[in-house]
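Chemist: Pasting in a structure now, in structure tokens, and then I'll have a few things to ask.
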Amino acid sequence: MASSSPSSPKRREFKRIGIPDLMAYALRWPLAPYASIAHRVSGAFMFVMLPVMLWLFDNSVTSEISFERFTALFDGQLFLPGLFWKLVALSMIWALVHHICAGIKHLIMDASHSAINKRFSNISAVLIYVVSLPVVAAVAAKLFGLY
């Protein structure tokens, strides 16, 4: 029979991890993975919401009557309150602004191979949020009538 000798390497131990362990691990990530995940989510969300965006755009530019119908949508129509439609519009605006900012980061990384490192990734992730969140906050303030 083969027995383990003291000189043989110790076998690695794997433990099962659950959702709380995964959440604790994800909270230790730097900002760059969150920006990357949000870039993918915003792209998928814009793809799914493309028919709604086209419908809203069509209603806003077809005629004056359709524009009035478009603006009345934010007061509440189609069996849904106006707050719902404002949140839908705001989420589409967030997706667009975030996706553009993260896309510019990827264009810079493609153009300059020296930009592919952890330092640039972390700095650019901070810049994505520094640029996109105030823009979305300003649009939200306008959309909800704060100014």
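The values are calculated or read from the model by the stated rules, or taken from the named source; none is laboratory data. Predicted model only: the values in this text are computed from it and were never measured. All Cβ positions, glycine included, derive from the backbone under ideal geometry; neighbour counts span all protein chains shown. For the accessible areas, the whole protein counts, side chains as well, though only heavy atoms, and no ligand, DNA or RNA atoms are used. Shrake-Rupley method; radii C 1.70, N 1.55, O 1.52, S 1.80 Å.
Chemist: Given the criterion of a type outside the set (A, V, I, L, M), modelled with pLDDT under 90, open to solvent by 70 Å² or more (accessible area, probe 1.4 Å) and more than 14 Å from the chain's Cα centre (by Cα), identify the matching residue among Pro81, Pro134.
Modeler: Criteria check complete, one pass: Pro81.
Chemist: Starting from region 52-77, take each residue that is closer than 16 Å to Val88 by Cα and outside any helix (DSSP H, G or I) and list its partners that are open to solvent by 90 Å² or more (accessible area, probe 1.4 Å) and modelled with pLDDT under 85, counting only C-beta distances under 9 angstrom and pairs at least six apart or across chains.
Modeler: Filtered contacts from region 52-77: Gln77/Arg69.
Chemist: Is it the case, given these coordinates, that Ala102 is open to solvent by less than 50 Å² (accessible area, probe 1.4 Å) and either in a helix (DSSP H, G or I) or within 30 Å of Phe70 (Cα to Cα) (or both)?
Modeler: yes
Chemist: Still on this model: Do the conditions hold for Gly76, that is, is it touching a Gly at 6+ places or on another chain (Cβ under 6 Å) and either hydrophobic (A, V, I, L, M, F, W, C) or surrounded by 11 or more Cβ atoms within 10 Å (Cβ to Cβ) (or both)?
Modeler: yes
Chemist: Further question: Taking region 98-144 on its own, how many of its residues are touching a Ser or Thr at 6+ places or on another chain (Cβ under 8 Å) and among the basic types (Lys, Arg)?
Modeler: Within region 98-144, residues that are touching a Ser or Thr at 6+ places or on another chain (Cβ under 8 Å) and among the basic types (Lys, Arg) number 1.
Chemist: I would also like to ask the following. Would you confirm, using the coordinates I've provided, whether Lys118 is of a type outside the set (A, V, I, L, M), surrounded by 17 or more Cβ atoms within 10 Å (Cβ to Cβ), at negative phi and in contact with a helix residue (DSSP H, G or I) (Cβ under 9 Å, 6 or more places away or on another chain)?
Modeler: Criteria not met by Lys118.
Chemist: Out of all the residues in region 34-54, which are surrounded by 13 or more Cβ atoms within 10 Å (Cβ to Cβ) and not aliphatic (A, V, I, L, M)?
Modeler: Matches in region 34-54: Tyr34, Ser36, His39, Ser42, Gly43, Phe45.
Chemist: I'm trying to understand the selection: among the residues of region 12-33, which are open to solvent by less than 80 Å² (accessible area, probe 1.4 Å) and either farther than 19 Å from Ile100 by Cβ or under 11 Å from the mean Cα position of the chain (by Cα) (or both)?
Modeler: Gly18, Asp21, Ala24, Ala26, Pro30, Pro33
Chemist: Being part of a helix (DSSP H, G or I) and either surrounded by fewer than 13 Cβ atoms within 10 Å (Cβ to Cβ) or touching a His at 6+ places or on another chain (Cβ under 6 Å) (or both) is the requirement here; does Val126 meet it?
Modeler: Criteria not met by Val126.
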